[in-house]
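A short write-up of the structure that comes next.
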Amino acid sequence: MRRSVRLWGWALAASLLLHLGLLGGLAWRLPQWASPPEPQAIDVQLVPTPAPAAVAVAPPRRTPSPHKAAAPRSSTHRPPPAPAPEPKIEAAAEAAAPEAPADPGPADNVAMIQASPPVAGPVSADVPPVPLNALPPRIDLRFQVRYGLASGEQSLVWVNDGEHYTLTSVVGATGLTGVFYRGRFVQTSRGLVTPRGLQPEEFWDQRGDKHSSARFDAAQGQITLMPEKGAPRHFSYQGTVQDALSLFFQFALTAPPPDGQQTYRVFNGKKLRDYSYEVRGVETLDTALGTLRTLHLARVGDSDGRFEAWLAIDRHYLPVRVLRSDDEGHEMELRVQSITP
């Protein structure tokens with residue numbers, strides 16, 4: 001009995017020691033949860049977002065707080081000038097952009113040359129100003145050309161801005177003729193639009209590999225021809241003058257009267273002559289554009305060969321048929337194929 005009591009006591013003591021050991025070891029091994037460190041202060045600066053470049057926004061005015069007294073200003077201190085308002089980029093862009101023209105109707109698609117400001121330049125006093133017809137800013141004409149047994153095509157382009165004009169003619173062979181004649185015949189006239197009509201300033205003539213040019217000095221009344229070979233040649237004149245291309249559009253601008261006779265001084269690229277043209281009446285002409293009413297002109301009183309032209313009355317008095325002969329008597333005919341516009 002005594003022995004069992006002793007064993008029970010030893011067992012109880014061992015159990016107490018074991019529990020104390022476990023509790024003490026756990027106390028030493030449990031992690032120590034320290035408080036997290038305070039985050040470091042971050043210096044943040046607010047930067048205002050810049051306004052878009054296409055929109056100008058005036059900076060808002062700041063009203064002083066009623067709780068803060070304004071600092072006293074010195075009597076000698078001047079307040080800084082207020083910043084200039086930013087330019088309105090959109091308004092400036094709209095002002096710089098050209099105003100879109102209104103959509104013209106079929107009858108308004110023309111550039112009124114006479115409505116443009118008169119060009120400051122020397123014009124002849126012997127020809128009074130005349131009301132000029134309205135012409136589109138650009139006209140493209142295409143002709144069928146017959147020269148003896150040869151055939152070809154001619155394009156004639158008129159461009160003007162109301163003060164200046166450019167005329168370009170290009171003739172090339174077609175069909176079997178193109179096999180033997182590969183060169184082109186190119187002429188260009190450039191000058192001013194005055195209250196009296198066209199005033200040529202430059203004229204170029206190129207026939208294959210040969211070319212020449214001429215300059216018109218209206219102030220001095222002189223034409224200077226620079227030929228392919230040889231020294232420059234000079235031609236003096238008084239009044240107004242036309243070249244071989246500008247003459248046709250001088251007709252279109254001034255519209256010869258239904259009867260009577262007009263004289264023009266014309267430089268054809270080689271010589272300067274006075275030519276008289278008489279109106280032989282209004283004729284109906286069958287063309288590739290249909291039946292047209294035309295004004296028939298013919299050159300008279302000279303020995304330079306035949307020259308006749310039919311001007312379409314309802315198409316700005318533009319030439320729709322031309323008959324002419326050269327110095328050797330060869331006849332050439334032009335018949336219109338298209339007019340744009």
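The values are calculated or read from the model by the stated rules, or taken from the named source; none is laboratory data. Small disclaimer: the values here were computed from a predicted structure and weren't measured. All Cβ positions, even for glycine, are placed from backbone atoms using ideal geometry, and neighbour counts span all protein chains on display. We work out accessible area using only protein heavy atoms, side chains counted, and drop any ligands, DNA or RNA first. Shrake-Rupley method; radii C 1.70, N 1.55, O 1.52, S 1.80 Å.
Figures for the structure shown
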| quantity | calculated |
| --- | --- |
| By accessible area with a 1.4 Å probe, ligands and nucleic acids excluded, highest first: order of H330, H234 | H234, H330 |
| For Y317, solvent-accessible area (1.4 Å; no DNA, RNA or ligand), Å² | 60 Å² |
| Shape call, the range 129-248: gyration tensor on alpha carbons, a/c limit 1.5 | oblate |
| Cβ crowding within 10 Å averaged over residues, with 183-193, 290-300 ranked highest first | 183-193, 290-300 |
| Solvent exposure ordering (accessible area, 1.4 Å, most first) of K229, K270 | K229, K270 |
| Estimated distance in nm for a label pair at D302 and R233, the labels positioned 7 Å out from Cα along Cα-to-Cβ | 1.5 nm |
| Euclidean distance of C-alpha centroids, the range 308-341 and the range 228-305, integer Å | 11 Å |
| Solvent-accessible area, 1.4 Å probe, carbon plus sulfur percent, for the range 205-341 | 43 percent |
| Per residue accessible area in Å² of the range 192-340, where ligands, DNA and RNA are left out and the probe is 1.4 Å | 48 Å² |
| Sequence-distant residues sharing a close amide H with Q337 (under 5 Å, placed H) | R142, F143, Q144 |
| Ranked by how many other beta carbons lie within 10 Å on average, peptides 151-158, 282-289, 209-216 from highest | 151-158, 209-216, 282-289 |
| Descending semi-axes in whole angstrom, ellipsoid equivalent of the range 224-341, from the Cα gyration tensor | 27, 16, 14 |
